[in-house]
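Trainee: My questions will all concern the structure given below.
The values are calculated or read from the model by the stated rules, or taken from the named source; none is laboratory data. All values derive from a computational prediction rather than experimental measurement. All Cβ positions, glycine included, derive from the backbone under ideal geometry; neighbour counts span all protein chains shown. The area values use the complete protein model at the heavy-atom level, side chains included, leaving out ligands, DNA and RNA. Shrake-Rupley method; radii C 1.70, N 1.55, O 1.52, S 1.80 Å.
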Amino acid sequence: MIDLYSELPVNALRWTCDLKTLPKSSDQVAPLESVIGQPRAGEALSVGVRIREPGFNIFVAGRLGTGKTTSVRQFIDRISKDIPIPLDCCYVHNFEDEYQPKVLLCKAGLGKQLKKDLQEFIAAARIAIPQLFQGEEYAAKREEIARKLASTRQQIIAKMEDVSKKEGFTLQLTPLGVSLIPVVNGKPVPDEEFYSQPPEVQKAITQKRERLQGEILPFIHQIRELQTKLLQEVEEFDRDVALYAIEHLMTKLAAKYKAYDEISSHLVDVQNHMMNNLDTFRGRAPDQKPTAQENLLEELGLRVYEVNVIVDNSALTAAPIVTEQNPTFDNLLGRIEKESRFGTLTTDFTLIRGGALHVANGGFLILRAEQLLRDFNVYEGLKRALKSREIRIEDIQQRTGYVSVRSLSPQPIPLDVKVVLIGQPDTYQVLFKFDPEFRELFKVKADFDYTMERSEENIQNYGRFFCGLAEQEKLKHLEAAAIARMVEYGCRLAEDQEKLSTQFGLIADVVREAHFYASQENAKLISAKHVEKAIEARIYRSSLIQEKIREFIERDIILISTEGKIVGQVNGLSVMEIGDFAFGTPSRITVSVGLGKEGLIDVQREVNMSGPIHGKGVMIIAGFLSGMFARDKPLSLSARIVFEQNYEGVEGDSASSTELYALLSAVSGIPIKQNIAVTGSVNQNGDIQPIGGVNEKIEGFFEICKSKGLTGDQGVLIPYSNAKNLMLKREVIEAVEAHKFHVYTAKTIQQGIEILTDVPAGERKSDGSFTENTVFNTVDRRLTEIANTLKKFQTQS
């Protein structure tokens, strides 16, 4: 137990890793195969990954660098080996409705094979069919069919001529039909001569012609039926010829895929479409040279026989694991591309492209939550797919109503996927609170802790982690002293002597940089010196602002006193964060006191430069004063608290104890040591509460004292409960060891004010007063004087 009234001993300022517990180097241990320090998250992942029912998707929450993505991959890698490889996914032309391409799902690897087989089949058909159509046997057979029907047609025409001749007409065949021309005196009568005849002659001829047209109408029908029959026989003959040309090819193809009903059905549709569109396959005469436009049209016409494989699982040995780093609408849910044809944008089923959701179907999809939420349409699209358990490839512009041009509407694909969202805890809270659908779709939460126990096992696992990192990334291994320094760095990141950080991303970055320095020196192993250099270099690269503030303090541009005693003035400690770098810096806090009833006035709050937490801290100070000194009199004073030379605002309550010390000094007139900086929040009972960033705050004041000159009596006062958070730099440790710097702790305001003033705080006696010659007695007496003086002024007025 640390003595509350004495400064902390050197061995309490930092935990040091024992080299005897470590291997000589990281290459003498087995590499780590799992993430350490996350038993709760591991259990959640194990349950979430194994439950295949709908809605049991996973949200992995935790700080950056805690190994979330690595853990998820490792868990899924183990589970995926027991899950069957999913089906290939293909789109083919719908011969009944070209705007609704059909889905073909087939065994992994079969989609690619089907695509190749159909391409080879069409290529062979384009050679075989023209050869038969251009052969002499085909021409002879077609001529025979035409000759046979031509003879029958001639007989019908002869009968029509006989009937016409008997009625005094001659028959004339035209492209538009049959024309009946009257014959007078053995000669045909042309129209101009017909109209020159007497009306009664015209009438008689017209009546006879109308009657004759009725008699020859059946013959005309016979001719038309004969022509139709000719076309049908020729078409049937052409189909027979084409079928003969490809029959052996299609038979072989059908036999290969007879076990797959959907593929077999599609092959039948392909063959029927070919038979109904033989002009595409007839070919041209050798002397006919097609234009580029004709070639393009021919190729486009053959696209209907393509197979668009949007997911090919032929290379998988387990269920797919997909990590989509850029989850846009198209990248996640697929898209329908367009191409320019003759100056017009158009599309077809071959331009359908799958997204990450298609590739992960039947397996696992890993997404960064914050990236997913950048576009609300993407998030809504993912939820829609998970709820309906199917993927619909849509044009985002059509779905949002910006475009009304007709496009493809591909058949949906059945969806069976486990989605893992990785994000910050705040993101989970927002989604859970404001999106009811999120709760139904992501029923498993895996919380990753940013610290773990500093057990012997976890220390050893640090070494195993470094071994795995070195082997995986071809880095140099770490010697024992370097491992120990990294373990201590893990404690520093955790801000706790009894904890280790699980932010392995940050830890690995230090090792990578230490490897660089070791390589420059051609060292065999990474030493503690290289690790220390890497840590210091990272600090140096980010510490420009810190150095500027230190320079301003040295030059008295920012006024900070590190010597002497002053009434109503204390050096408070705060932490500034610049990106990934945090550093401590002192701030002068002053309090002025006078007559009045305003009470405590927070100058920052009055000018809107403080946040609600800081405002709460000031009100707590007022509560402490009321409880301690206003039992027998009204608390009548006007006190103004201000952070001097602060132009950016104040937030947080870590300086509330500091403000209270300054207030007690200002009221009592007892000066406060300027060589001791203070941090810590306070409650209404006067208990000092822990704060964050204690290491940075101590080191920040130490740097100021060092630059101004260490006098041997300088130091800091921190909350007692923060002692276990200390992992100070070795330079500070050495200064404390040499009695040039001091670290004090306080559990209560009474203890703190005694350290800062060298005057006893004072205890309340049975009559309500405080012991003589103490801080509290002086404060109480001064408040009584202020109350009485104020009362006199009110009476006189």
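Trainee: As a test of reading the structure, rank His266, His248, His273 by solvent-accessible area (1.4 Å probe, protein chains only), most first. Present the calculation step by step, with values, prior to reporting the outcome.
Mentor: On the way: His266 5, His248 115, His273 45 Å².
Descending order: His248, His273, His266.
Trainee: Got a number for carbon plus sulfur as a percent of segment 112-187's accessible area, 1.4 Å probe?
Mentor: On the way: 2520 of 4970 Å².
Carbon-and-sulfur percentage of accessible area, whole number: 51.
Trainee: From the phi of every residue in segment 230-237, what ³J(HN,Hα) in whole Hz does the Karplus formula 6.51 cos²θ - 1.76 cosθ + 1.60 yield, where θ is phi - 60° and glycine or proline is x?
Mentor: Ordered by residue, 3J(HN,Hα) equals 4, 5, 5, 5, 5, 5, 5, 5 Hz.
Trainee: Express in nm, to one decimal, how much length is gained between Thr711 and Ile601 on full extension, taking 0.36 nm for each residue of separation and deducting their alpha carbon distance. All intermediate terms of the calculation are to be shown ahead of the outcome.
Mentor: Working: separation 110, 0.36 × 110 = 39.60 nm, distance 3.52 nm.
Additional length available on full extension: 36.1 nm.
Trainee: Could you tell me whether segment 634-681 comes out rounded, prolate or oblate from its Cα gyration tensor? Rule is a ≥ b ≥ c as square roots of the eigenvalues, rounded for a/c under 1.5, then prolate if a/b exceeds b/c, otherwise oblate.
Mentor: Working: a/c = 1.72, a/b = 1.25, b/c = 1.37.
Oblate, because a/c is 1.5 or more while a/b does not exceed b/c.
Trainee: When the Karplus curve 6.51 cos²θ - 1.76 cosθ + 1.60 is applied with θ = phi - 60°, which whole-Hz ³J(HN,Hα) does each residue of segment 210-222 get, with x for Gly and Pro?
Mentor: Rounded to whole hertz, the list is 5, 5, 5, 4, x, 6, 8, 4, x, 5, 5, 4, 5.
Trainee: Explain nothing, just compute: Karplus ³J(HN,Hα) = 6.51 cos²θ - 1.76 cosθ + 1.60, θ = phi - 60°, for every residue of segment 324-336 in order, whole Hz, x for Gly and Pro.
Mentor: 9, 7, 10, x, 6, 4, 5, 5, 8, 10, x, 8, 10
Trainee: Given a cut-off of 20 Å, name the pairs among Lys112/Lys256; Lys633/Lys673; Lys112/Lys338 whose C-alpha atoms lie farther apart than that in the structure shown. Walk me through the intermediate numbers first.
Mentor: Numbers: Lys112/Lys256 14 Å; Lys633/Lys673 30 Å; Lys112/Lys338 23 Å.
Over 20 Å Cα-Cα: Lys633/Lys673; Lys112/Lys338.
Trainee: Another one. Using label points projected 7 Å from each Cα along Cα→Cβ, tell me how many nm separate Ser314 and Arg730, to one decimal.
Mentor: Placing both labels 7 Å along Cα→Cβ, they lie 5.9 nm apart.
Trainee: Using only Cα atoms, tell me the angle between helix 480-494 and the longest principal axis of the chain; keep it within 0 to 90° and round to the nearest 10.
Mentor: Compared with the principal axis, the helix lies near 90 degrees.
Trainee: Once both labels are modelled 7 Å past Cα along the beta-carbon direction, what's the Asp447-Arg147 spacing in nm?
Mentor: 9.5
Trainee: Please provide three numbers in whole Å: the alpha-carbon extents of segment 312-470 along the principal axes, with the largest listed first.
Mentor: 72, 40, 27
Trainee: Now a separate question. Starting with the highest mean, order 764-771, 426-433 by the number of other Cβ atoms within 10 Å, averaged over the residues of each peptide.
Mentor: Those peptides, ordered most packed to least, come out 426-433, 764-771.
Trainee: Give me the number: length gained by fully extending Gln232 to Val430, i.e. 0.36 nm times residue separation minus the C-alpha to C-alpha distance, one decimal in nm. Don't skip to the end; give the middle numbers.
Mentor: Details: separation 198, 0.36 × 198 = 71.28 nm, distance 7.00 nm.
Result for the pair: 64.3 nm of gain on full extension.
Trainee: Which far-off residues, 5 or more places away or on another chain, put their amide H under 5 Å from the one on Val178, with H placed in the peptide plane?
Mentor: Answer set, sorted by chain and number: none.
Trainee: Okay, moving on. Would you mind calculating the gained length between Asn331 and Leu345 on full extension (0.36 nm times residue separation, minus the Cα-Cα distance), in nm to one decimal? Don't jump to the answer; show the numbers that get you there.
Mentor: Numbers: separation 14, 0.36 × 14 = 5.04 nm, distance 2.15 nm.
Extending this stretch completely gives an extra 2.9 nm.
Trainee: Give the ranking of Leu302, Leu635 by solvent-accessible surface, highest area first, calculated with a 1.4 Å probe.
Mentor: On the way: Leu302 15, Leu635 60 Å².
The residues order as Leu635, Leu302, largest area first.
Trainee: Okay, next question. Considering only protein heavy atoms and a probe of 1.4 Å, how much of the accessible area of segment 20-77 is carbon and sulfur, as a whole percent?
Mentor: That fraction is 53 percent.
Trainee: Where does helix 456-473 land angle-wise versus the long Cα axis of the chain, in degrees 0 to 90, nearest 10?
Mentor: Between the helix axis and the principal axis of the chain, the angle is about 40 degrees.
Trainee: Please list, ordered by chain and number, the residues whose modelled amide H lies under 5 Å from the amide H of Leu635; skip anything fewer than 5 residues away on the same chain.
Mentor: Close amide H contacts, sequence-distant or interchain: none at all.
Trainee: For segment 708-797, what % of the accessible area comes from carbon and sulfur atoms, probe 1.4 Å?
Mentor: Details: 2050 of 4320 Å².
Carbon plus sulfur share of accessible area: 47 percent.
Trainee: Nearest 5 percent is fine: what portion of the DSSP beta bridges confined to the chain is antiparallel? Walk me through the numbers before you get to the answer.
Mentor: Working: 52 of 85 bridges.
Around 60 percent of the beta bridges assigned by DSSP in the chain are antiparallel ones.
Trainee: Give the accessible surface of the chain per residue, rounded to a whole number of Å², with probe radius 1.4 Å and ligands, DNA and RNA excluded.
Mentor: Working: 40270 Å² over 797 residues.
Roughly 51 Å² per residue, with all protein chains present.
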